[in-house]
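Chemist: Can you keep this structure in mind? I'll have questions shortly.
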Amino acid sequence: MSGSMQDKIAQLENYIMKKCLWQFHSRTWDRKRQNERILGMTRQLLLGEPVSTETPEERCYWVDAVTMAEAFKVRCPWLADMSREEIAGLMDGLYERIDFLTVTGSLNQELNDQHY
Amino acid sequence: MSCEVKEKERVGCINPIFTCQPCGAQFASIGIKECIGIVHGGQGCVMFVRLLISQHFKESFELASSSVHEDGAVFGACSRVEEAVDVLLMRYPDVKVVPIISTCSTEVIGDDIDGVVTKLYAELLPTKYPGREVHLIPIHTPSFVGSMITGYDLAVKEFVAHFAERTEPSDKINLITGWVNPGDVTHLKHLLAEMDVDATVLFEIESFDSPLMPSGNHVSHGDTTIADLRGTADAKGTIALNRYEGGKAARYLESEFGVPAVVGPSPIGIRNTDTFLHNLKVMTGKPIPESLVRERGIAIDALTDLVHMFLADKRVAIYGAPDLVIGLAEYCLDLEMRPKLLLLGDDNVNYVNDPRVRALQENVDYDMEIVTNADLWELGDRIQNRGLELDLILGHSKGRFIAIDNNIPMLRVGFPTYDRAGLYRHPVMGYAGAIWLAEQMANTLFADMEYKHNKEWVLNVW
Amino acid sequence: MPYHEFKCSRCIPERKQHAVFKGKGETITDALPLGYLNTIPGSISERGCAYCGAKHVIGTPMKDVIHLSHGPIGCTYDTWQTKRYISDNDNFQIKYTFATDMKEKHIVFGAEKQLKQCIVEAFKACPHIKRMSIYQTCASALIGDDIEAIAQEVMDEMPDVDIFVCNSPGFGGPSQSGGHHKINIAWINQKVGTVEPDLLSDYVINYVGEYNIQGDQEVMIDFFNRMGVQVLATFTGNGRYDDLRAMHKAHLNVLECARSAEYICNELRKRYGTPRLDIDGFGFEPLGSSLRKVGLFFGIEDRAQAIIDEETARWKPELDWYKARLTGRKVCLWPGGSKLWHWAHVIHDEMGMDVVSVYTKFGHQGDMEKGISRCEEGALAIDDPNELEGLEAMETLTPDIIFTGKRPGEVAKKIRVPYLNAHAYHNGPWKGWEGWVRFARDIYNAVYSPIHRLALLDIGKDEIPTDKGFETQRMLSDADLPDEVRNDPVLREYTGKYNCLKDLRKKTYPPFERNVLAEAV
């Protein structure tokens, strides 16, 4: 019913690409940071690990992360049946995929422009 | 008790009455069949003019840009014109006439559009488009000179000068309408037909009011042909209805080809229409037919119902194109109204010497102001701060908030009139225009009386 | 073949890199239109200039400001009264526009003296306005007038006034987008940090990239007020000049139109550490999620949820009434820059419409990445479209409706495609829950217009139906609807007022809470 790991990643990817905007900041360094921080926090949240929200910056990342973690749980009931290791693997795969879509595989020629 | 002509005192402009020269050249160019103009400058110079024209007509017209960007502004952008002409010709196989319309930026950087045109005639056209009839016409319209009015006047002259060619004298006359609406052209052509006068109308813009057809794409454009423009040199005479919008072309034909020119007056109101018919009669030898006597009679009849009862002594401010404003002022006087303020929106120094303006100065027996180089602040400020009392405003849509905020009824007239439906369909010229104007002014006043409960009961027994 | 070649553009082969079909299973890494490149001259592109991007799009929505353009008259006239960015101070910024009216002598001898006189005159003419933005144009840029120096001179002589200078001539960049960038950077460089605001709430945001088209900003401010969130400044719709000078003091920048205003958010993040939160203000679910994110940031997400619950209960039956009737209708979503991604997914999700094409006049590749990601498969994405390509696309895609600008809308009309104004809206506001229903209502009225149906009839060729004296939108939209949908007791048509802002502007709110969290954030 839930399919392979690839299918699962695709479901999460679909949510991000359709519903989110945070992954589309306009420069490579910015996208990398956004992906790392927000997906990293989402991973922590899904694993039940503590997340630091002390600085405004962290809090802003957390806002997107927590929204996404909640949405994943609602949309992907199979998440509840996954082990911590599986979730970690899933999120690592998702992170890799989003990085590919928005950074390493991106055809956006402005990404490496020095100026905003 | 006098009519004073003065220039706006402030050096800047608050709420301009006109846009700049390239707009006028663009408006002229859309009147020509198989013509797409290329505006040499930034993209806004085209994008906004297309928007403005589409706001007025609720139609889209084709105009291109050479899209000058930073590098062009620094190093010269003539190559952009070359590319633009080529791209345009490749993709629009029917296009024959391509005016190259300059703007402030490309005039300041000194792009030689005449040189580009010479080069294109020598290189691109014979090699890539052999056998194709293409006319490239440089039109210099720096935005820091004149206004949309002078831009139009100049462009008409440039088109005529490019094409006009003496062959055999014809029986036709040239009728240069000036910046008018399709409704005006329809009515003017009706007057010509009644007079049995064959005329080349510059420009044939009736089709600006184009249909939404069940099949096929109908792009709005004018219908004046290259042959029409060529033939202007063979005409037995030219009548330019508007002194400042087409007068230059009429005088050019006169000096260059000996085509006699009659410039003005704008046939707004009964009297100026009479003069127009008189000019037609003199130029062609054709009599004024009974049908027009009757048409005039219908107009006079309609006006008689309105003038001394409703229109008399109504105080009016008028702004917009100079020929329109002056023509409307003259007509208002015939209607017993009192034009109090005329705003002419550019710095043309000839306005003070316009015989019509002189006549106003000599004959008006109440306080009237004519402000040249005016902006709309001149109107708002007089109403709000200097005690100008008005019963009616005549002008285009850009002044709408003055009327709205000061509770003064306003009849939209001129260009653009985007905040009222379908006005381009109605004439202000000729007898039909005289009826339309007077009745619309009256109805505007009537509606205002009702909204304000100001003697609205008067109309019970009219 | 993901890249799409228009027949009309075969002779300009570089155009092929600017249009992409979203193929099955394909992503933005398979094909992405080129973007924000110099326009092909003579292609009849729809792009504007960098002056208008700065002055008209971003500058002028500021409401308590004299907007003065330094140049010939046309730039000023042309960008006046062509948009619907209203304000709650009687639309001063719509009603008044100022130009230095540069003439030939100024081109030759310089126009700095003229500029100074105009500044003084303008302040004198409007004694209640003490703030001014001056916009450079092509002409004043090329003659090299030092506008900053003149502005400073006036500010030194008139201590009660403040002047902002934006140097963004029309030729600066491929499109209006160049001007967005320039004015963002000019504003943060010159003005941010020069006013220290009163912080009234523990929860203070800037609302950035929102231009109050038909009252959108006021709708959103209502939500923020109801949450107890103080909107320190709106960049720039219905915004006050001095509030925008205090942007550095907000706790969070909430960014709506990233295309036009991400730059200032990025700079605020870099210089002042204020985080940037990108949101969607259109559509029930995206808007709710956006408010919830703002709530989460401050730990008051329950307040957002209360609004979501209330508004959804009030408006969902009306949105769904339209969704039932718009499902499967094809739309070309052809706006300027940001709405292609703000709307692409949500008109599909919440109104059931199929987005068959997106385009952007002035956007960058980043906008296309967002837009294409949010489209369904099969959509055609076009960068910097031109007149012939637009016609060709409409002829092949046969949309039921097109969302675009006023003038391209007239082109669509002629090939019998109804249009809604994507920039200025038809009967907005379109933000907020009610606004989204208004949008759906406007789409419905356009798609099911009886006149539109009559436009399709060729009385010269077709059988003329003579059995009806009239048709209604409802007769057309419900003809093929199942009975249970047609008679659904829950669903209903829009029940709001023509002018929904009137009541909004009368609303009062409890005072903000201050220091509840003891400077927690």
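Coordinate-derived values only; no laboratory data. Every value quoted in this text rests on a predicted model; they were computed, and no experiment measured them. Cβ: placed from backbone, ideal geometry, glycine included. Neighbour counts: every protein chain shown.
Chemist: For segment C:489-508 and segment B:360-421, compute the distance between their C-alpha centroids and round to whole Å.
Modeler: Distance between centres, Cα-based: 37 Å.
Chemist: Counting Lys and Arg as +1 and Asp and Glu as -1, what is the net charge of the other residues whose Cβ lies under 12 Å from the Cβ of residue C:166?
Modeler: On the way: positive: C:55, C:182, C:191; negative: C:148.
So the surrounding residues net to +2.
Chemist: With n ≥ 4 as the cut-off for DSSP H runs, can you work out [θ] at 222 nm for chain B, using -39500 (n - 2.57) per run divided by the number of residues, rounded to the nearest 500? Kindly include the intermediate steps, with their values, before the conclusion.
Modeler: Details: 18 runs with 199 residues, N = 462.
Computed mean residue ellipticity for chain B: -13000 deg cm²/dmol.
Chemist: Just to be sure I understand: of the beta bridges DSSP finds with both ends in chain B, what percent are antiparallel, rounded to 5? Each step should come with its number before you reach the end.
Modeler: Working: 2 of 44 bridges.
Beta bridges within chain B, antiparallel portion: roughly 5 percent.
Chemist: List every residue whose amide H lies under 5 Å from the amide H of residue B:139, counting only residues 5 or more places away in sequence or on a different chain, with H placed 1.01 Å from N in the peptide plane.
Modeler: Long-range HN contacts for residue B:139: B:100, B:101, B:102.
Chemist: What are the ³J(HN,Hα) couplings of segment C:226-239, residue after residue, when phi is run through the Karplus curve with 6.51, -1.76, 1.60 and θ = phi - 60°? Round to Hz, x for glycine and proline.
Modeler: In residue order, the calculated couplings are 5, 7, x, 8, 7, 8, 5, 8, 10, 9, 10, x, 6, x Hz.
Chemist: Turning to a different aspect of this structure: Check residue B:198: other-chain or 5+ apart residues with amide H under 5 Å from its amide H, H built from backbone geometry?
Modeler: B:173
Chemist: If you find the alpha carbon centre of segment C:149-194 and of segment A:77-116, how far apart are they in angstrom?
Modeler: 39 Å
Chemist: Sort A:21, C:504, C:115 so that the residue with the fewest other Cβ atoms within 10 Å of its own Cβ comes first and the one with the most comes last.
Modeler: C:504, A:21, C:115
Chemist: So, one more: What is the helix-to-structure angle for A:84-99, meaning the angle in degrees between its Cα long axis and the longest Cα principal axis of chain A, kept from 0 to 90 and rounded to the nearest 10?
Modeler: 30 degrees
Chemist: Also, I was wondering about something else. Which aspartates and glutamates have a Cα lying under 12 Å from the Cα of residue A:32, excluding residues fewer than 8 positions away in the same chain?
Modeler: Straight-distance partners of residue A:32: A:96, A:99.
Chemist: In the protein assembly as shown, what percentage of the DSSP-assigned beta bridges are antiparallel, given to the nearest 5? Could you put the intermediate results ahead of the total?
Modeler: Numbers: 10 of 91 bridges.
Percent antiparallel among DSSP bridges in the protein assembly as shown is about 10.
Chemist: While we're here: How far is the Cα center of segment C:408-445 from the Cα center of segment C:244-281, in Å?
Modeler: 29 Å
Chemist: Would you pull out the residues with amide H under 5 Å of residue C:236's amide H, same chain only if 5 or more places away, H placed 1.01 Å from N?
Modeler: C:209, C:210
Chemist: Just want the ordering: C:293, C:502, B:236, from fewest to most Cβ atoms lying within 10 Å of their own Cβ.
Modeler: Details: C:293 23, C:502 10, B:236 16.
Ordered from fewest to most neighbouring Cβ atoms within 10 Å, C:293, C:502, B:236 come out as C:502, B:236, C:293.
Chemist: Using Cβ contacts closer than 10 Å as the measure, can you line up C:9, C:175 from fewest to most? Before the final figure, lay out the partial values.
Modeler: On the way: C:9 24, C:175 34.
Neighbour counts put them in this order, fewest first: C:9, C:175.
Chemist: What nm distance separates the two modelled labels at residue B:461 and residue B:301, each placed 7 Å from Cα along Cα→Cβ?
Modeler: 2.4 nm
Chemist: Can you give me the distance in nm between label points at residue C:376 and residue C:14, each placed 7 Å from the Cα along the Cα-to-Cβ direction?
Modeler: Computed distance between label sites residue C:376 and residue C:14 equals 3.6 nm.
Chemist: Between residue B:278 and residue C:113, with labels modelled 7 Å along Cα→Cβ, what's the label distance in nm to one decimal, could you check?
Modeler: 4.8 nm
Chemist: Now for a different question. 222 nm [θ] for chain C, helices only, -39500 (n - 2.57) per DSSP H run of 4+, per residue, to 500?
Modeler: Values: 21 runs with 213 residues, N = 521.
Result for chain C, helices only: -12000 deg cm²/dmol.
Chemist: Quick one: which of B:6/B:398; C:330/C:361; B:398/C:370; C:323/C:502 span more than 31 angstrom between C-alpha atoms?
Modeler: Numbers: B:6/B:398 22 Å; C:330/C:361 20 Å; B:398/C:370 38 Å; C:323/C:502 27 Å.
Cα-Cα > 31 Å for B:398/C:370; rest within.
Chemist: Convert each backbone phi in segment C:53-63 into a coupling constant with the Karplus relation 6.51 cos²θ - 1.76 cosθ + 1.60 (shift: θ = phi - 60°), then list the ³J(HN,Hα) values in order as whole Hz, x for Gly and Pro.
Modeler: 3J(HN,Hα) across segment C:53-63, in whole Hz: x, 7, 6, 7, 7, 10, x, 5, x, 4, 8.
Chemist: Something else about it: Tell me, what HN-Hα J-couplings in whole Hz come from the Karplus equation 6.51 cos²θ - 1.76 cosθ + 1.60 at θ = phi - 60° for each residue of segment C:325-339, using x for Gly and Pro?
Modeler: 9, 9, 4, x, 6, 9, 10, 9, 9, 10, x, x, x, 9, 6
Chemist: How much FRET efficiency would the formula 1/(1 + (r/R0)^6) give for residue A:57 and residue B:405, where r is the Cβ-Cβ distance and R0 is 56 Å, rounded to 0.05?
Modeler: On the way: r = 48 Å, r/R0 = 0.85.
In this case the efficiency is close to 0.75.
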